[in-house]
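Right, I'll just put the structure down here and ask away after.
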Amino acid sequence: MTTTLWRDIKRERWAYIFLALPLLHFLTFRLYPVVYSVYLSFVNFNIWGNTWVGLSNFAQIFHDPLFGKTLWNTAYFTLLSVPLSLVIAFSLSVLIFPLGNRSSTFFKAAYYLPSVASAAVLSLVWLWLFEPRFGLLNYLLSLIGINRIYWLGDVHVAMNALILMTLAAGHGYSVILITAAMGGIPPSLYEAARLDGATRWQQFWRITLPLLKPITLYLLVIDTIGSFQIFTAIYIMTRGGPAQSTMTVVYMIYQTAFDFFTYGLASAQAMVLFVIILIIAALQYRFFGSDIEY
């Protein structure tokens, strides 16, 4: 048995060699940091030696009012940006799908283009658009008599400005997936619905939307995870201000680790965020994926 196994490994040695590099990369740069972060969440990190503190880091998190505020800010951002993003993506997909191949390809590429650009570059562009004195948005508002808005300097506006940036930054990834899924719906279903006198809205509501449930659930879960992990725009544009109104959980983790150098507490915050995202994803699958066949 051992001889046969060794002969098979020797015969397929190049396959194992090529698999070894990505596996080594995964173990070194993916799995090991996660496992070590779990360990750090139970210790007080020190360069000269770690001190085991058990659950005290987690207790500190739940007694910190700032963590509750950052969690609320992150939830607010997610609850507004994710549903609106899905609505916009579906609306664009419905408009693009009936077009010819060239036109639909052009529009899908145009909406996907912002996804190619770096998040840091997009944040810098929007930082200029939101500039209160010389920014383009305030200039356009001044043309219709609306006073200057301090987009990133007002505690009541800053988070909504970031949501506006998210909604306007392009939905190409979602549009491509949705239009591809729409292409898999049998045309005979729409023909039968038209013969029964169904309007376009009824066709969308009764045929298109139910049959797009798998891709809708996927986008819902992925967009929710991405919204809970928002960091780049916060770091470049607001640094959590004004008055911590845009402080999110991930930015708080970054600040705890790299500004205050309390890596154990930062790791515990990351573990709490992981559990929260896991619970939300499980609930989304529970309530929206019960009647989905894969």
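Quick check on my filter: what residues within the range 186-238 are surrounded by 14 or more Cβ atoms within 10 Å (Cβ to Cβ) and assigned to a loop (DSSP other than H, G, I, E, B)?
198, 212, 229, 230, 231
Oh, and also: So residue 146 clears everything in (1) within 30 Å of residue 283 (Cβ to Cβ); (2) β-branched (Val, Ile, Thr); (3) over 20 Å from the mean Cα position of the chain (by Cα) except one condition, right? Which one?
Here residue 146 meets the rest and fails (1).
In this structure, does residue 256 turn out to be under 19 Å from residue 80 (Cα atoms), among the hydroxyl-bearing types (Ser, Thr, Tyr) and at pLDDT 90 or above?
The answer is no for residue 256.
If you check residue 14 against the conditions, is it in a helix (DSSP H, G or I), free of Cβ contacts under 8 Å to residues at least 24 places away in the same chain and either surrounded by fewer than 10 Cβ atoms within 10 Å (Cβ to Cβ) or of a type outside the set (S, T, N, Q) (or both)?
Details: in a helix (DSSP H, G or I): yes; free of Cβ contacts under 8 Å to residues at least 24 places away in the same chain: yes; either surrounded by fewer than 10 Cβ atoms within 10 Å (Cβ to Cβ) or of a type outside the set (S, T, N, Q) (or both): yes.
Judged against the criteria, residue 14 is a match.
Moving on. Out of 130, 90, 107, which single residue is surrounded by 14 or more Cβ atoms within 10 Å (Cβ to Cβ) and closer than 14 Å to residue 237 by Cβ?
One residue alone meets the criteria, 130.
Before we move on, is residue 31 closer than 30 Å to residue 257 by Cα, out of contact with any Gly (no Cβ under 8 Å at 6 or more places or on another chain) and not in a strand (DSSP E or B)?
So residue 31 passes the test.
What is the number of the single condition among (1) under 18 Å from the mean Cα position of the chain (by Cα); (2) on the phi > 0 side of the Ramachandran plot that residue 232 does not meet?
(2)
Turning to a different aspect of this structure: What are the pairs with Cβ atoms under 9 angstrom where one residue, in the range 142-167, is charged (D, E, K, R) and the other, located anywhere, is modelled with pLDDT of 95 or more and surrounded by fewer than 17 Cβ atoms within 10 Å (Cβ to Cβ)? Sequence gap at least six, or different chains.
Final answer for the pair search is none.
The values are calculated or read from the model by the stated rules, or taken from the named source; none is laboratory data. Note that the coordinates shown come from a computational prediction; the quantities given were computed from them, not determined experimentally. Because the Cβ atoms are built from the backbone with ideal geometry, glycine has one as well, and the counts that use them run over all protein chains shown.
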